[in-house]
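Student: This is the structure I want to talk about, given as structure tokens.
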């Protein structure tokens, strides 16, 4: 299967391309800028993909320019879908990566796909807008929408929390400045997310939305304690008010029931590496300066 991949140079895209190639697929990395509708259309028409995996996005919640979330995540995705419907033979599957951030703060846990969205930041809002916009193409494209919960691994930018911690612990820095310590997240492995995307290309139901999650949240303090145990080192943890975001999502834990039922019906299994293994790999990568 020829897969057109957006965001191929990103953290998730690089590993997805490896997993897809290992599974026997041909991966074509999109070169055009999503905001350049003409160049994007020309490249899509020349590629004529069998499937599309759309990962490209502004994904760092603390990004400096709010308008960029909408220019890329909403308008850029619209440009992509507009190009795809012009293909003489349309892709058999288009997978769009949304985000669990669309759920916002909620007392419900774990969160199922039918939970009412209530995003609290521009990233989550732009992803929700992208989902609603994409559904207007459901009569013309075979769409599957995914909502990954927090995930990490070697190669993730150290603007994000877990890579930042890994870098500081590997370097044995005397202190680490963090934001809100009283948060809980799933910290899944990027390998699991990539495998889920591949399985959904084959088995996802058209028009459906799936949480990509394990249902296992961890307190940030537990992650810090695990790094300390793995390294035998305990730096001073400082709370920097500048890193404390307004409207922080305090707990994000997803229900994997729908995803697990789909895969069980097709007799396939999604493996989720344990957190300690993921953190150990990240420490090794941070110490060597390589993503493994």
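The values are calculated or read from the model by the stated rules, or taken from the named source; none is laboratory data. This structure is a prediction, so every number in the text was calculated from the model and none was measured. Because the Cβ atoms are built from the backbone with ideal geometry, glycine has one as well, and the counts that use them run over all protein chains shown.
Every residue, every condition in (1) under 22 Å from residue 1 (Cβ atoms); (2) surrounded by 15 or more Cβ atoms within 10 Å (Cβ to Cβ), yes or no:
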| residue | (1), (2) |
| --- | --- |
| 54 | yes, yes |
| 73 | no, yes |
| 86 | yes, no |
| 90 | yes, yes |
| 99 | no, yes |
| 118 | no, no |
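Student: So which of 199, 143 is under 19 Å from residue 5 (Cβ atoms), modelled with pLDDT of 95 or more and surrounded by fewer than 20 Cβ atoms within 10 Å (Cβ to Cβ)?
Tutor: Among 199, 143, only 199 is under 19 Å from residue 5 (Cβ atoms), modelled with pLDDT of 95 or more and surrounded by fewer than 20 Cβ atoms within 10 Å (Cβ to Cβ).
Student: Yes or no: residue 45 within 29 Å of residue 187 (Cα to Cα) and either surrounded by 15 or more Cβ atoms within 10 Å (Cβ to Cβ) or out of contact with any strand residue (DSSP E or B) (no Cβ under 8 Å at 6 or more places or on another chain) (or both)?
Tutor: Working: within 29 Å of residue 187 (Cα to Cα): no; either surrounded by 15 or more Cβ atoms within 10 Å (Cβ to Cβ) or out of contact with any strand residue (DSSP E or B) (no Cβ under 8 Å at 6 or more places or on another chain) (or both): yes.
No: the conditions fail for residue 45.
Student: Give the number of residues within the range 169-196 that are more than 16 Å from the chain's Cα centre (by Cα) and surrounded by fewer than 22 Cβ atoms within 10 Å (Cβ to Cβ). Steps first, answer last, please.
Tutor: Going residue by residue through the range 169-196, those that are more than 16 Å from the chain's Cα centre (by Cα) are 169-184.
Subsequent filtering for residues that are surrounded by fewer than 22 Cβ atoms within 10 Å (Cβ to Cβ) retains 170-184.
Residues meeting the conditions: 15.
Student: Checking the condition more than 21 Å from residue 188 (Cβ to Cβ) and either modelled with pLDDT of 95 or more or under 19 Å from the mean Cα position of the chain (by Cα) (or both), which residue from 257, 278, 231, 226 passes?
Tutor: Working: 257 fails: more than 21 Å from residue 188 (Cβ to Cβ); 278 fails: more than 21 Å from residue 188 (Cβ to Cβ); 226 fails: more than 21 Å from residue 188 (Cβ to Cβ).
Testing whether each residue is more than 21 Å from residue 188 (Cβ to Cβ) and either modelled with pLDDT of 95 or more or under 19 Å from the mean Cα position of the chain (by Cα) (or both) leaves just 231.
Student: Restricting the search to the range 70-80, which residues are within 14 Å of residue 97 (Cβ to Cβ) and out of contact with any strand residue (DSSP E or B) (no Cβ under 7 Å at 6 or more places or on another chain)?
Tutor: Initially, the range 70-80 is screened for residues within 14 Å of residue 97 (Cβ to Cβ), giving 72-74, 76-77, 80.
Across the range 70-80, the qualifying residues are 72, 73, 74, 76.
Student: In addition: Does the range 234-241 contain any residue that is closer than 22 Å to residue 156 by Cα, in contact with a strand residue (DSSP E or B) (Cβ under 7 Å, 6 or more places away or on another chain), modelled with pLDDT of 95 or more and surrounded by 14 or more Cβ atoms within 10 Å (Cβ to Cβ)?
Tutor: No, the conditions are met nowhere in the range 234-241.
Student: Residues that are under 20 Å from residue 122 (Cβ atoms), in contact (Cβ under 8 Å) with a residue 40 or more places away in the chain and in contact with a helix residue (DSSP H, G or I) (Cβ under 9 Å, 6 or more places away or on another chain): which helices (runs of 4 or more DSSP H) entirely in the range 1-109 hold 3 or more of them? Don't jump to the end; show me each part of the working.
Tutor: Working: elements: 11-22, 37-47, 66-70, 77-84.
Once the helices (runs of 4 or more DSSP H) in the range 1-109 are filtered for at least 3 residues that are under 20 Å from residue 122 (Cβ atoms), in contact (Cβ under 8 Å) with a residue 40 or more places away in the chain and in contact with a helix residue (DSSP H, G or I) (Cβ under 9 Å, 6 or more places away or on another chain), what remains is 66-70, 77-84.
Student: Determine which single condition residue 109 fails, assuming it passes every other condition in (1) farther than 13 Å from residue 2 by Cβ; (2) surrounded by fewer than 23 Cβ atoms within 10 Å (Cβ to Cβ); (3) modelled with pLDDT of 95 or more.
Tutor: (3)
Student: So, one more: Within the range 187-292, considering only helices (runs of 4 or more DSSP H) that don't extend past its boundaries, which have at least 2 residues that are touching a residue at least 60 places away in the same chain (Cβ under 8 Å), touching a helix residue (DSSP H, G or I) at 6+ places or on another chain (Cβ under 8 Å) and closer than 24 Å to residue 112 by Cβ?
Tutor: Working: elements: 190-203, 220-231, 257-265, 275-288.
Fully inside the range 187-292 and qualifying: 190-203, 257-265.
Student: Only residues that are assigned to a loop (DSSP other than H, G, I, E, B), in contact (Cβ under 8 Å) with a residue 60 or more places away in the chain and in contact with a strand residue (DSSP E or B) (Cβ under 7 Å, 6 or more places away or on another chain): list them for the range 110-143, please.
Tutor: So in the range 110-143, the residues assigned to a loop (DSSP other than H, G, I, E, B) come out as 110, 112-121, 136-142.
Going one step further and asking which of them are in contact (Cβ under 8 Å) with a residue 60 or more places away in the chain, we end up with 110, 112-113, 120-121, 138, 141-142.
Those that are assigned to a loop (DSSP other than H, G, I, E, B), in contact (Cβ under 8 Å) with a residue 60 or more places away in the chain and in contact with a strand residue (DSSP E or B) (Cβ under 7 Å, 6 or more places away or on another chain): 110, 113, 141, 142.
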